[in-house]
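Student: Just passing along the structure, written as structure tokens.
The values are calculated or read from the model by the stated rules, or taken from the named source; none is laboratory data. As the structure is a prediction and not an experimental result, all values here were calculated from the model. Note that each Cβ is placed from the backbone with ideal geometry, even for glycine, and that neighbours are counted across all protein chains shown. Quick note on the areas: whole protein, heavy atoms, side chains included, nothing else; ligands and nucleic acids left out. Shrake-Rupley method; radii C 1.70, N 1.55, O 1.52, S 1.80 Å.
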Amino acid sequence: MGVRGLQGFVGSSCPHICTVVNFKDLAEQHRSRHPGGTPTIVVDAMCCLRYWYTPDSWICGGQWREYFSALREFVKTFTAVGIKLIFFFDGMVEQNKRDEWVKRRLKNNREIARIFHYIKSNKEQPGRNMFFIPSGLAVFTRFALKTLGQETRCSLQEADYEVASYGLQNDCLGILGEDTDYLIYDTCPYFSISELCLDSLDTVMLCREKLCQSLGLGLSDLPLLACLLGNDVIPEGMFESFRYKCLSSYTSVRENFDKKGNIILAVADHIAKVRRLHQGEKKLEEILPLGTNKALFYKGVASYLLPGQRSPWFFQKPEGVITLDKPVVSMISGPESHWEVPMCTDPESKQEVPMCTDPESGRDVPVCTDPESGRDVPMYTDPESRQDVPVCTDPESGQDVPVCTDPESGQDVPVCTDPESGRDVPVCTDPESGRDVPVCTDPESGRDVPVCTDPASGRDVPMCTDPESGQDVPMCTDPESGRDVPVCTDPESGQEISLSSDPEFKQEVPMCMRSESKQKLPVGTNPEFNPEAPMFTNPEIKQEDTINTGPEMKQQVTMVSDPEILQVARAHHVQAESYLVYNILSSGEVECSNSLEDELDQALPSQAFVYRPVRQRVYSLLLGGGGGDTSACPTVKEWFVYSGNPLRHPDLVRPLQMNIPGGTPSLKLLWLSQEPGVQARRLDTLLACFDLSSSREELQAVGSPFEALCCLLIYLFVQVDTLCLEDLHAFIAQALCLQGKPTVQLVDLELDHVDPRAVQLGSLLVRGLTTLVLVNSACGFPWKTADFMPWNLFDGKLFHQKYLQSEKGCTVEVLVEQNRSRLTKFQALKSAVCRACVKENRPISSRRHWRPHHSGRWGRQESSSHRTSSGHSRSGQGQHWRDQGPDALKRPISRLLGPRVEHADFPLCRLLSVPAVWGPSQTQKASSFLMTQT
């Protein structure tokens with residue numbers, strides 16, 4: 001995370017950069033400088049998760065009560081000395097950092113594989129050196145901090161930028177985190193969370209000014225250094241040869257520094273030398289092998305510029321150039337001249353575009369490259385569309401006029417703005433009047449013909465010159481010949497009617513069309529015909545504008561068009577009250593990091609696919625526009641980690657039809673309505689997302705605070721066939737026993753050994769709780785959030801203990817610790833879950849009653865048809881093999897799964913040890929194998 005090698009360099013080569021400070025003293029100094037102000041620390045929460053998670057046990061699914069207590073103590077300590085904390089969480093992954101995100105997820109997969117290997121070999125938790133944060137920790141930390149009354153925010157981009165911006169703009173005491181990017185941003189002081197001693201409030205401040213003194217650089221040079229070394233935007237290997245070239249010419253190599261340290265010094269020395277030269281940035285451009293990565297490089301440098309900041313490595317920034325609240329300007333080198341040209345970010349397309357200086361105004365304006373001449377032409381911002389369009393200079397007036405490219409000739413032609421439609425249309429100069437008139441291209445001749453605006457329809461129609469009067473008259477398209485013919489205005493009706501050439505008199509006569517015969521007749525030849533009827537109307541055909549203004553400029557497109565819904569979703573997102581809802585609505589792209597899952601376990605599928613049908617129904621709810629029709633719903637891109645997924649591209653997941661009594665309600669009803677009965681509709685929608693509408697009676701009988709847990713357990717046992725009665729006993733018993741246990745008792749709990757299956761089950765349940773957060777927020781919060789927070793429902797070690805006891809065959813009385821009231825509640829919860837599962841054709845049986853050959857891999861073959869929700873992430877074809885009926889396994893596997901295997905069939909894929917994509921020979925072998933098993 002952050003700048004490659006900089007953390008080690010600071011720690012080993014430049015320790016004087018790190019200064020021990022005390023937050024209590026800093027707060028007092030801040031109050032003396034700002035009377036009446038509150039010292040505020042901006043916390044990068046994602047960097048602090050490892051520091052906050054202090055419980056010794058982390059392998060069993062999370063010690064959530066202990067974790068919540070640690071957070072409360074953290075907040076209490078800062079509050080006691082009068083320091084306010086504001087917490088920022090990552091809200092989404094920016095596209096230019098997706099590769100780095102994928103790289104880390106794949107690395108985590110390897111770490112998790114080593115963890116499970118250790119558990120199987122030693123039957124105990126690995127040491128802290130193999131620590132892996134429990135699933136869902138980031139999501140539930142948001143809600144824990146909000147429960148503790150803290151201001152918590154979720155970012156709309158990478159959190160580090162918003163953290164640095166907030167710290168700078170609000171004159172904060174500092175930033176608390178663990179990311180060397182905060183040494184690069186020119187913002188408030190940066191403090192290390194890893195060095196924080198909570199008892200004394202001592203920590204280490206990393207001083208960027210001292211870093212600059214050590215490197216011989218200015219603060220404004222640090223973004224350039226960061227990109228040359230490599231960061232989350234710029235791959236480390238992009239400038240590897242350049243760094244070694246700097247090292248080879250560096251004359252002050254220090255023997256007491258390691259190689260990485262000397263490389264950083266050499267690159268900094270090179271930057272300092274170039275900065276001292278006139279137009280040093282040109283020299284830097286000549287030596288950097290940017291190639292096709294030029295725009296990415298300058299975008300990376302500019303990403304460190306906070307609002308109102310400029311870089312000396314860029315030309316002066318034009319006024320008003322902003323993108324996502326970031327004023328961003330960068331440079332590229334012209335393709336022919338090799339001179340540096342400034343760049344700005346197009347706020348619509350989010351792409352980098354070059355700029356040039358307007359000789360009249362003296363301001364920098366964006367330019368685009370003419371594909372024909374290869375020259376750059378300036379652009380201006382259209383006040384109507386607010387889009388940048390190219391311009392040329394009118395030789396007569398000397399003023400800049402917008403231009404567009406003629407698709408036929410490939411040449412730039414001037415355009416003007418149609419006052420009716422607001423669109424740009426090509427123009428030509430009238431030789432008589434000398435004025436510019438709009439034109440369109442005749443598809444037959446390929447020539448430009450003048451147009452005028454039809455005052456009735458507001459559309460542009462072509463014109464031709466009347467040879468007698470010398471005036472321009474409008475034309476329309478003859479529906480039979482497809483040619484343009486002149487029209488005239490009927491003085492009585494005021495409507496335009498087409499003219500046809502009379503072969504006898506060689507004059508134009510008005511024409512109309514008989515609706516019965518579809519024949520053209522001169523107006524007046526049939527007294528029964530209504531001359532005021534439109535000339536040609538086809539309700540099946542959507543008529544397009546006659547003027548083609550060229551390719552559309554890219555605009556930021558959201559998945560829904562209702563601004564009110566987007567505003568509500570955005571507010572919940574920023575305030576950290578929802579999970580993934582705004583991501584779905586705004587970009588249609590979601591991600592989920594690694595879970596503790598054993599890739600070698602053939603019985604338990606990945607959580608990514610266990611909960612995918614729920615997410616698919618949520619997609620239908622959010623993107624369907626109400627009514628439940630999923631045919632027009634767009635697919636959602638899912639970046640979910642599971643074994644065998646290389647993450648080279650997202651899974652494209654289609655929304656799934658919902659079955660809601662009374663139909664699918666609109667988001668406005670669910671989110672904004674206060675009418676009586678709406679809360680019941682919200683609950684109906686939530687249960688429909690889990691496809692458990694038939695279980696409402698059982699869940700209502702359970703009541704709070706176990707209603708949400710039972711909903712999740714019913715869904716899990718219906719979806720995962722390998723779960724047995726012993727698993728259900730463990731889940732329910734730990735939830736009941738947790739209610740009466742103090743935190744200290746949970747800390748002292750010891751396990752006989754660690755079971756890898758129980759580890760994965762704990763992670764699976766916690767991921768189900770995060771799914772409940774998504775569904776509950778999407779449905780308008782029918783349930784209280786506290787009812788499915790893990791510190792109220794789940795404890796990893798306690799579940800593990802109950803799982804081991806249940807596996808040994810301990811009685812229910814032992815599981816509930818001989819507590820009579822718990823025993824009564826246990827029977828009620830178990831009965832509700834079992835009855836609901838029977839309704840779904842899924843009886844829950846004991847593992848001891850399974851047939852000897854039952855491997856727990858096959859699942860149920862008799863599932864009802866409404867369970868066909870595997871997601872079709874890649875192929876979009878085929879039906880889940882379980883849902884093909886009792887003879888499913890006798891059919892060819894290619895018909896069961898389609899050409900590509902879905903991970904919902906993961907137990908089958910693992911058992912067969914087949915890849916995700918099968919060829920004909922592999923399909924035949926798999927089919928033969930299945931037939932031998934039936």
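Student: Excluding ligands, DNA and RNA, what is the solvent-accessible area per residue of segment 710-830 at a probe of 1.4 Å, expressed in Å²? Present the calculation step by step, with values, prior to reporting the outcome.
Tutor: Numbers: 3560 Å² over 121 residues.
Per residue, segment 710-830 has an accessible area of 29 Å².
Student: Tell me, what is the per residue accessible area of segment 564-610 in Å², probe radius 1.4 Å? Provide the component values of the computation, followed by the final result.
Tutor: Numbers: 1410 Å² over 47 residues.
Result: 30 Å² per residue.
Student: For segment 196-248, what % of the accessible area comes from carbon and sulfur atoms, probe 1.4 Å? Mind dumping the intermediate values first?
Tutor: Values: 1000 of 1910 Å².
Percent of accessible area from carbon and sulfur atoms in segment 196-248: 52.
Student: Calculate the FRET efficiency for Leu749 and Arg276 from the Cβ-Cβ distance with a Förster distance of 60 Å, rounded to the nearest 0.05. The partial results should precede the final answer.
Tutor: Values: r = 64 Å, r/R0 = 1.07.
That pair, Leu749 with Arg276, gives E of 0.40.
Student: I've got another one for you. Can you pull out the trypsin sites (Lys or Arg not before Pro) in segment 203-275 that DSSP calls coil and that have at most 12 other Cβ atoms within 10 Å? Please report the intermediate quantities before stating the final value.
Tutor: Numbers: sites: Arg208, Lys210, Arg243, Lys245, Arg254, Lys259, Lys260, Lys273, Arg275; in loops: Arg254.
Qualifying residues, ordered by number: Arg254.
Student: What's the carbon and sulfur percent of segment 108-150's accessible surface, probe 1.4 angstrom, rounded to a whole number?
Tutor: Values: 940 of 1970 Å².
So the carbon and sulfur contribution to the accessible surface is 48 percent.
Student: Write down, largest first, the equivalent ellipsoid semi-axes of segment 60-218 in whole Å, where each equals the square root of 5 times an eigenvalue of the alpha-carbon gyration tensor. Walk me through the intermediate numbers first.
Tutor: Working: eigenvalues 173, 98, 60 Å².
The three semi-axes for segment 60-218 are 29, 22, 17 Å.
Student: To one decimal place, what Kirkwood hydrodynamic radius in Å is obtained for segment 77-141 from all pairs of distinct Cα atoms?
Tutor: Numbers: mean 1/r = 0.0656 Å⁻¹.
For segment 77-141, the Kirkwood estimate is 15.2 Å.
Student: Principal axis extents for segment 601-738, Cα atoms only, whole Å, descending order, please.
Tutor: Its Cα atoms span 45, 42, 22 Å along the three principal axes.
Student: Now, a different point. For segment 1-120, what does the accessible surface come to per residue with a 1.4 Å probe? Please give it in Å². Working shown, then result.
Tutor: Working: 5170 Å² over 120 residues.
Value returned for segment 1-120: 43 Å² of accessible area per residue.
Student: Evaluate segment 681-757: find the radius of gyration of its Cα atoms, find its Kirkwood radius, and give the ratio Rg to Rh. Please report the intermediate quantities before stating the final value.
Tutor: Working: Rg = 15.4 Å, Rh = 14.6 Å.
In segment 681-757, Rg relative to Rh is 1.05.
Student: Is there a pair in Lys120/Lys259; Lys294/Lys637; Lys97/Lys146 whose C-alpha atoms are over 31 Å apart, and which pairs would that be? Walk me through the numbers before you get to the answer.
Tutor: Values: Lys120/Lys259 39 Å; Lys294/Lys637 28 Å; Lys97/Lys146 28 Å.
Beyond 31 Å between Cα atoms: Lys120/Lys259.
Student: Summing Lys, Arg as +1 and Asp, Glu as -1, what charge do residues with Cβ under 12 Å from the Cβ of Leu728 carry, Leu728 excluded? Numbers along the way, then the final one.
Tutor: Working: positive: Lys802, Lys830, Arg842, Arg847; negative: Glu726, Asp727.
So the surrounding residues net to +2.
Student: Taking θ as phi - 60°, what are the ³J(HN,Hα) couplings along segment 722-728 by the Karplus curve (6.51, -1.76, 1.60), each to the nearest whole Hz, with x for Gly and Pro?
Tutor: The phi angles translate into 8, 7, 10, 5, 4, 5, 4 Hz.
Student: Rounded to a whole number, what % of the accessible area of segment 607-657 do carbon and sulfur atoms account for, probe 1.4 Å?
Tutor: On the way: 820 of 1640 Å².
The nonpolar share, carbon plus sulfur, comes to 50 percent.
Student: How much of the calculated P(r) for segment 9-153 lies past 27 Å, in percent of all Cα pairs? Please list the in-between numbers first.
Tutor: On the way: 4301 of 10440 pairs.
Of all Cα-Cα distances in segment 9-153, 41 percent exceed 27 Å.
Student: So, one more: Rounded to whole Hz and in sequence order, give me ³J(HN,Hα) for segment 630-647 from the Karplus expression 6.51 cos²θ - 1.76 cosθ + 1.60, θ = phi - 60°, writing x for Gly and Pro.
Tutor: Calculated HN-Hα couplings, in order: 9, 5, 9, 6, x, 6, 10, 8, 10, 9, 10, 8, 7, 4, x, 9, x, 6 Hz.
Student: Which net charge results when you count Lys and Arg as +1 and Asp and Glu as -1 among the other residues whose beta-carbon is under 11 Å from that of Trp783? Walk me through the numbers on the way to the answer.
Tutor: Working: positive: Arg682, Lys784; negative: Glu707, Asp787.
Summing Lys/Arg as +1 and Asp/Glu as -1 gives 0.
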